Amino acid sequence: CGDDEGGDAGGGGGDGKLVLGFAQVGAESGWRTANTKSIQESAAEAGYELKFSDAQGKQENQIKAIRSFITQRVDVIAFSPVVESGWDTVLKEAQDAEIPVILTDRAIDSPDESLYESFIGSDFVLEGEKAGEWLVEEYKDETEPVNIVELQGTPGAAPANDRKAGFAEVIKADPKFKVIASQTGQFTRTDGKQVMETFLNSNDDIDVLYAHNDDMGLGAIEAIEAAGLEPGKDIKIITVDAVKDGMTALSEGKINFIVECSPLLGPQLMELAQTVADGGTVEKRVLTEETTFTPEQAKEVLPERQY
Ligand code: GZL
């Protein structure tokens, strides 16, 4: 889809600008807010026309948005699949319309890799493994059972499935680690708090909370404190993301360890979009760089964190 002057490709819009359709999951967490900001700011910086939709966490809304982008003949479609399954039909429609698709943040479980040009996002299994490795090290001298409760992400989402799997794979090495309760907290503070209250009411000896994101961990902290317990001490807490509020709680010792998951995918997404719009080839898998944080490290880096 080049323009008449033979300049950069793109031009679904009349003024020759690359037109990118982006179907976002929703606005469920601090991570998602930072991710949306990164995409919107990067598109503006690249001079692209961004058509942005918020699916409020519903797959049918994302599918509707993708179909709308096809009808509008955007140059490139990108989206963060709210769940792993159920995308083949609509992505086939995009393929038939010859509109390239880029997956951001979360993967899909379709075996047909021709349905998308590239997937840029974290390795969620590795994130779960990093969380498990910290726990194994933290309790290496413990001989008594270590009772763990787990707040899972949204059902069917790649980060929920994979963070659970990676963590379980590491801790199964030692039978002292027991996941005594595991339930979705929908990646939100509200649900994280409510489910943690349930865990506390039905288990009188919880040693560790593993939350698949900071927001659920922060909600759980409210429940733990309301129960008269000290988060980070009476119940050790591991979360994933490293958004500002999570890092603040970590620096205060209310969270013990955070595995970073970068939401700043905008700049790389725009580069990928331009390349595919120009008919170029891109890497099928673009892995985001990320690390882990202890309370001491959080204190050091907090002032310079972008989100
Ligand atoms: C991870 C992303 C997850 C975050 C949550 O890449 O999909 O969704 O970990 C967010 O905070 O809701």
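Which sequence of Asp278, Asp96 reflects their accessible areas, 1.4 Å probe, from the largest down? Mind showing how you got there, number by number?
Numbers: Asp278 80, Asp96 110 Å².
So, going from the largest accessible area down, we get Asp96, Asp278.
Excluding ligands, DNA and RNA, the accessible surface per residue across the range 85-152 is 41 Å² with a 1.4 Å probe. Between the amide H of Phe177 and those of Val146, distances stay under 5 Å, these residues lying 5 or more places away or on another chain, with hydrogens modeled in the peptide plane.
Of all accessible surface on the range 174-307 at a 1.4 Å probe, what whole percent is carbon and sulfur?
For the range 174-307, the apolar C and S fraction of the accessible surface comes to 46 percent.
The alpha carbons of the chain stretch over 71, 39, 30 Å along the principal axes, in descending order. Sorting the segments 294-302, 78-86 by their residues' average number of neighbouring beta-carbon atoms within 10 angstrom, most packed first, yields 78-86, 294-302. Over all other residues within a Cβ to Cβ distance under 11 Å of Ala226, the charged ones net out to -2, with Lys and Arg as +1 and Asp and Glu as -1.
Note on Lys58: accessible area is roughly 100 Å² with a 1.4 Å probe, heavy atoms of protein only.
According to the Kirkwood relation over distinct C-alpha pairs, the hydrodynamic radius of the range 156-235 is 13.1 Å.
For the chain, the mean residue ellipticity at 222 nm estimated from helices alone is -12500 deg cm²/dmol, where every DSSP H run of n ≥ 4 contributes -39500 (n - 2.57) and the total is divided by all residues, rounded to the nearest 500.
When the C-alpha to C-alpha distance is required to be over 26 Å, the pairs from Lys140/Lys164; Lys64/Lys164; Lys130/Lys284; Lys164/Lys233; Lys176/Lys254; Lys164/Lys193 that qualify are Lys64/Lys164.
Dimensions of the range 129-262 based on its C-alpha atoms, expressed as ranges along the principal axes with the largest first, amount to 34, 33, 28 Å.
Only protein heavy atoms count here; on that basis, with a 1.4 Å probe, Glu127 has an accessible area of about 0 Å².
Counted residue by residue at 0.36 nm each, then reduced by the alpha carbon distance between them, the extension gain from Ser68 to Asp112 reaches 13.6 nm.
Helix 266-277 and the long axis of the chain differ in direction by around 30°, with both axes built from C-alpha atoms. Ligands, DNA and RNA are left out, and with a 1.4 angstrom probe the accessible area of the range 237-278 is 26 Å² per residue.
Contact order for the chain, expressed relative to its length and based on alpha carbon pairs under 8 Å spaced 6+ residues apart, stands at 18 percent. The range 40-110 and the range 238-307 have Cα centres separated by 22 Å.
For the chain, the share of DSSP beta bridges that are antiparallel, to the nearest 5, is 5%.
Angle, helix 59-71 long axis vs. longest principal axis of the chain, Cα atoms, 0 to 90°, nearest 10? Long axis of 59-71 versus the principal axis of the chain: about 20 degrees.
With each label modelled as a point 7 angstrom along the Cα→C-beta vector, the Lys178-Glu222 pair spans 3.1 nm. Computed from Cα atoms, the angle from the helix 214-226 axis to the main principal axis of the chain rounds to 30 degrees.
These residues, Glu304, Glu129, Glu138, go from largest to smallest accessible area, 1.4 Å probe, as Glu304, Glu138, Glu129. The heavy atoms of Asp191 offer some 50 square angstrom of accessible surface to a 1.4 angstrom probe.
The values are calculated or read from the model by the stated rules, or taken from the named source; none is laboratory data. Here the structure is a predicted model, which is why all the values come from computation and not from measurement. All Cβ positions, glycine included, derive from the backbone under ideal geometry; neighbour counts span all protein chains shown. What goes into the accessible areas is simple: the full protein's heavy atoms, side chains included, and nothing from ligands, DNA or RNA. Shrake-Rupley method; radii C 1.70, N 1.55, O 1.52, S 1.80 Å.
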